[in-house]
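Before any comments, here is the structure.
The values are calculated or read from the model by the stated rules, or taken from the named source; none is laboratory data. Bear in mind that the values here come from a model prediction, so they are computed numbers and not experimental data. Every residue, glycine among them, receives a Cβ derived from its backbone with ideal geometry; neighbour counts consider all protein chains shown. Protein only, heavy atoms only, side chains kept; ligands, DNA and RNA dropped before computing areas. Shrake-Rupley method; radii C 1.70, N 1.55, O 1.52, S 1.80 Å.
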Amino acid sequence: MISMETLRNVLADNRQLVEGKRIFPREISLPAIPRCVLVGVRRSGKSYLLYAQIQHLLKEGRTWNDMLYLNFEDERLMGFEASDFNNILLAHAELSGSSSLPTLFLDEIQIIKDWERFARRMADAEAEVFITGSNAKMLSVDVAAALGGRFMSVNVFPLSFREALSSSGVVFDSAALSSTSGQAEIRRVFNRFFEKGGFPECIHLAETREYLNNLFQKIYLGDIAVRNGINNIFPLRVMLKKIAESVGQPLSFSRIASIVGTAGTSISKATVINYVTYACDACLLLPIENIYGKLQERESHKKYYFVDNGLISLLQHDAKADLLENLVGVELLRRHGLQDTVFYFKDKIEVDFYLPEEETAIQVCVDLLKAPETMRREVGALEKLEKVLPVRKRLVITLEEEATLETPSGLVEVVPAWKWLLQIEN
């Protein structure tokens, strides 16, 4: 139970906190429906989306009497229970002098057990409610049912390359792209983004490794180990490192257990299943399935991508090929969504990504044109895929190379990653 005095103090302090935050635009639009759940990995910028919405409302003439903000990771709210939710409304009414329901901005609410009941009640009362959480279960069918279909869900990733450019003050319009100096500046930011990733607080840090290491520890210790009652964290950390070293490879749970075993720690298949599920729930790992596999194989032989390239760089060295595929995988999931929109194909051939709605096949290759054998393998797989699945567009994303290849099956576009991320293709 949290005292009313504490709630009043926290609410009052948060008004100054939010107004003092410096924000920059994100290419994430909140839905028109005034009730949404923002879900994403820790430190991806969810809170800043709330700050931006509050500051926007203040500029439009709304006041703090009309809204409130709470972050449930605030240490003053330790011990908060579901029964305290109504006291939030009472404390706000005392501060504002109004009994009208305020617009609610509730940050990291998944910490509180049974939060869904309060959110559902506020939705039933037609209150405006904006919620964030660092657990993908908040996007689950069960939670959606508990919320009565009254909330829209939004996936929040770390910054995209376009957002990283904007936050760095780098222009990427047609004039910049057509000039040598403009393109050089864009590619300078890309080189950093490629290796360091896009966590917002990393963008302007001269040295990012300490920040990323601390963030990774918070994720695997707090959002995975503590939340799920894992006492021995060593196998968990080894497992995550080994998955980072296997980006782009289909991995069965048995295979993961075997790889972890080579590091000198024993872990069962059942434990691997649990740990991988927890890492996906924490939005750390993003899985995709083989579109050609049987149901059981699709569930048990997935590829896993880390939500940000900075974490790949933290967990392994000299990983240019893995970083490139991870970058493309995350961007595809950002653009197209996490549920049954992005796949890989593997049978007698392997294609890195397949988008069924667009009938697009994508290969990822650091260098294509310089290596004839690599080109035969990668382009050949794109040609053979159309015998199994419909393919209207074929794309090879490279680190720097650019070309248009004519094949018996049609054109193959070869585009450097930085251009593809800016959605500039041949």
Exercise for the section: Take L382 and decide whether it is over 13 Å from L405 (Cβ atoms) and at pLDDT 95 or above. Expected result: no
Fill in the blank from the handout: Picked from region 281-314 (must be in contact (Cβ under 8 Å) with a residue 60 or more places away in the chain and open to solvent by 30 Å² or more (accessible area, probe 1.4 Å)), the residue farthest from S134 (Cα to Cα) is Y292
Problem - Sole exception among (1) exposed (fewer than 15 other Cβ atoms within 10 Å of the Cβ); (2) under 19 Å from the mean Cα position of the chain (by Cα); (3) modelled with pLDDT of 95 or more; (4) of a type outside the set (S, T, N, Q) for I224, by number - result: (1)
Practice task
Output yes when any residue across region 319-329 is among the polar types (S, T, N, Q), open to solvent by less than 10 Å² (accessible area, probe 1.4 Å) and within 30 Å of G40 (Cα to Cα), and no when none is.
Solution key: yes
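When you go through T374, T404 one by one, which is the residue that is among the polar types (S, T, N, Q), at pLDDT 95 or above and open to solvent by 10 Å² or more (accessible area, probe 1.4 Å)? So that I can check it myself, show each step before the final result.
Details: T374 fails: at pLDDT 95 or above.
Exactly one residue qualifies, and that residue is T404.
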Practice task
Return the total of residues in region 337-360 being within 15 Å of K303 (Cβ to Cβ) and of a type outside the set (D, E, K, R).
Solution key: 10
Exercise for the section: Take the residues in region 204-219 that are in contact with a helix residue (DSSP H, G or I) (Cβ under 9 Å, 6 or more places away or on another chain) and outside any helix (DSSP H, G or I), then tell me which one is nearest to K241 (Cα to Cα). Expected result: T208
Fill in the blank from the handout: Residues in region 83-100 that are closer than 30 Å to Y220 by Cα and open to solvent by 10 Å² or more (accessible area, probe 1.4 Å) total 1
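Give, as residue ranges, the strands (runs of 3 or more DSSP E) completely inside region 101-184 that count at least 1 residues that are in contact (Cβ under 8 Å) with a residue 60 or more places away in the chain and open to solvent by 50 Å² or more (accessible area, probe 1.4 Å).
152-155
Each row is one residue, and each column tells you yes or no for (1) modelled with pLDDT of 95 or more; (2) surrounded by fewer than 13 Cβ atoms within 10 Å (Cβ to Cβ); (3) not polar (S, T, N, Q).
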residue	(1), (2), (3)
R8	yes, no, yes
R15	yes, no, yes
E19	yes, yes, yes
R35	no, no, yes
I54	yes, no, yes
L70	yes, no, yes
D74	yes, no, yes
Handout entry: Unmet requirement for K387, which otherwise passes all of (1) surrounded by 21 or more Cβ atoms within 10 Å (Cβ to Cβ); (2) free of Cβ contacts under 8 Å to residues at least 24 places away in the same chain
Key = (1)
Practice task
Working only within region 56-68, note down all residues that are in a helix (DSSP H, G or I), open to solvent by 40 Å² or more (accessible area, probe 1.4 Å) and not basic (K, R).
Solution key: H56, L58, N65, D66
Exercise for the section: Return yes or no: is S44 assigned to a loop (DSSP other than H, G, I, E, B), polar (S, T, N, Q) and either touching a residue at least 60 places away in the same chain (Cβ under 8 Å) or surrounded by 14 or more Cβ atoms within 10 Å (Cβ to Cβ) (or both)? Expected result: yes
Exercise for the section: Give just the number: which of (1) at pLDDT 95 or above; (2) part of a loop (DSSP other than H, G, I, E, B) does P31 not satisfy? Expected result: (1)
